[in-house]
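Student: So that we are looking at the same thing, I have put the structure below in structure tokens.
The values are calculated or read from the model by the stated rules, or taken from the named source; none is laboratory data. Remember, it's a predicted structure, so these values are computed and weren't measured experimentally. A quick note on method: Cβ atoms are made from the backbone with ideal geometry, for glycine too, and the neighbour counts reach across all protein chains shown. Heads up: the accessible areas ignore ligands, DNA and RNA and are worked out on the full protein's heavy atoms, side chains in. Shrake-Rupley method; radii C 1.70, N 1.55, O 1.52, S 1.80 Å.
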Amino acid sequence: PNLTCISTGSPATTVTWMRDGQQLSLGDTYIPIQTVTDRRLSTYNNILVIKAASSDIIGHTYSCTVINAFGTVSKALVAFTPPTVTISPHETPTAGESFSLTCTVNLAEGDYIVGDSGSPVQWKGPDGASIKSTLQVMTNTYISTLEFNPVRTSHGGEYICQATSTAGTIMDAANIIIQIPPPTLTVSRDPDASTTLRHGDSLSLTCTIQLDEAVDSDVVVIGRLQGQAG
């Protein structure tokens, strides 16, 4: 990430970069860049390019100190904290219903998402494969939604939402258990009800359970009774 500190003063100012109140050692990891934006007012655009690993940035506060013959001014720029990721809801939907999972990513001020700009928030399903989602972007907040229309029993399992920012990578997981809706029971007879049976005639009764189409299973015949009319 880059940090910017704009300084103005006459006589000319010098800028010192600090981390947690201690002066930074500038070099390959912390690279200062200064450009003039207004020579008449002695205004400078001071940029600190940070090439440190995320683990070295998280939890630290960076600031710039501006000094000239008349005094010293310091300003804290940003405290890098990792993003927060939350999946909701943690529910047990019923197969056949419409259902959605929402992942909310909140960033600290000055932080931003890095990685694939086309999909800054990553979803993975129970099989570990990436899943496409709809994304809504607001200031410092990303809201990513998975839609199931309808949800099926095969959709059950653990879903992971992950986001990577300049301050680190964070994820949340939700284990979705799909409930099976009540089945439809049908009893049929052979011969059918329009046929009058007499003593000694054969009769077959069949009980069939029909599951919702969102249940990944076949129709199950749970019982058949055969006998003679008495």
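Student: In whole percent, how big is the carbon plus sulfur part of the accessible area of the stretch 96-214, probe 1.4 Å, protein atoms only?
Tutor: 50
Student: Another question, then. Full extension from S10 to T195: what is 0.36 nm times the residue separation minus their Cα-Cα distance, to one decimal in nm?
Tutor: 55.7 nm
Student: Classify the stretch 132-208 from the C-alpha gyration tensor, please: rounded if a/c falls under 1.5, else prolate or oblate depending on whether a/b exceeds b/c.
Tutor: prolate
Student: Points 7 angstrom from Cα along the Cβ direction at Q136 and L41: gap in nanometres?
Tutor: 4.0
Student: Just tell me which lysines come within less than 18 Å, Cα to Cα, of K132; anything on the same chain fewer than 8 places away is out.
Tutor: K124
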